[in-house]
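The values are calculated or read from the model by the stated rules, or taken from the named source; none is laboratory data. Everything numeric in this text was worked out from a predicted model, so none of it was measured. Cβ placement follows ideal geometry from the backbone for every residue including glycine, while neighbour counts extend to all protein chains displayed. Side chains included, ligands, DNA and RNA excluded: accessible areas come from the protein's heavy atoms. Shrake-Rupley method; radii C 1.70, N 1.55, O 1.52, S 1.80 Å.
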Amino acid sequence: MEELKQYLEAYRVRVAEDAARRVEWIRELVDRSGARGVVLGLSGGLDSAVVAALVRRAVGKERLTCLVLPIESPPESLAHARLVAEALDIDAREVDLGPAFAAFRSACASILTWDERSAGNLKARLRMAALYAYANAHGYLVAGTSNRSELYVGYSTKGGDAVADFFPIASLTKSEVRVLAEYLGIPPDILKKPPSADLWPGQTDEGELGLTYAELDRYLLTGEAPPAVRERIEALHRASEHKRELPPSL
């Protein structure tokens, strides 16, 4: 992992410059769009915390709304979202989508059997529906929180977190996002928690992917990986190509 460590140390040297570049990019994009502000989902995880910090710097707290959208979520997720909101001094509004999730599952019970994965994807889609409902009502843009690592292997839900009006950290791997988070002052509890999309109890990103972010990021940043890891990453990349392309049209 020495190559990855060296790459991250080099990024740490220029992280302030990169943060400023991303903030300016967001500011220009929002102003050019004519939007009144930005809304994003605050999960209590690393990526959404970093995006919230960048957007706050770009447009100010008055033009940023964060929605905390628990669906049968563990108490620590809600606590971490509140911690981020307090640390960044941002407007965070909580909406429990659990009843909507239960109603939707019940309504569709006659046509399908819900398994863990399909139910988890439904959670992501309900959260995005809430974000766009808010955006439509207020003339806002929706900020996406996907990073380069997730996008490369397709770790996102089509119609859920894969949908947004802009993605401020799409060119950064998870490891780089962590360095940026340290620079932006994200609380230590968020920095050290295992990454999770909060789709079902005990779910973690790395458990679903079958590899660690360190392995994935080393491959993306240096091209180095053991053969089995390389094949796993490229298999995920090939299988998720449809998530990165526009739908076929005729």
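Listed here are the helices (runs of 4 or more DSSP H) enclosed by segment 1-104 that have at least 1 residues being at pLDDT 95 or above and either touching a Cys at 6+ places or on another chain (Cβ under 7 Å) or within 19 Å of A197 (Cβ to Cβ) (or both): 46-59, 75-88. Scanning segment 166-204 for residues that are open to solvent by 50 Å² or more (accessible area, probe 1.4 Å) and acidic (D, E) gives E182, D189. Looking only at residues of segment 50-64 that are surrounded by fewer than 20 Cβ atoms within 10 Å (Cβ to Cβ) and charged (D, E, K, R), we find that the one that is farthest from the chain's Cα centre (by Cα) is E62. Looking across segment 135-152, the residues that are in contact with a Ser or Thr (Cβ under 7 Å, 6 or more places away or on another chain) and either surrounded by fewer than 21 Cβ atoms within 10 Å (Cβ to Cβ) or basic (K, R) (or both) come down to S146, R148. Out of all the residues in segment 65-87, is one or more touching a residue at least 40 places away in the same chain (Cβ under 8 Å), more than 20 Å from the chain's Cα centre (by Cα) and over 21 Å from V179 (Cα atoms)? No; the residues of segment 65-87 include none that is touching a residue at least 40 places away in the same chain (Cβ under 8 Å), more than 20 Å from the chain's Cα centre (by Cα) and over 21 Å from V179 (Cα atoms). Selection of segment 205-223 for residues being part of a helix (DSSP H, G or I) and either in contact with a Pro (Cβ under 6 Å, 6 or more places away or on another chain) or open to solvent by less than 30 Å² (accessible area, probe 1.4 Å) (or both) yields D205, L209, Y213, L216, D217, L220, L221.
Mind checking whether some residue in segment 176-188 is in contact with a Phe, Trp or Tyr (Cβ under 8 Å, 6 or more places away or on another chain), within 22 Å of G37 (Cα to Cα) and modelled with pLDDT of 95 or more? No; the residues of segment 176-188 include none that is in contact with a Phe, Trp or Tyr (Cβ under 8 Å, 6 or more places away or on another chain), within 22 Å of G37 (Cα to Cα) and modelled with pLDDT of 95 or more.
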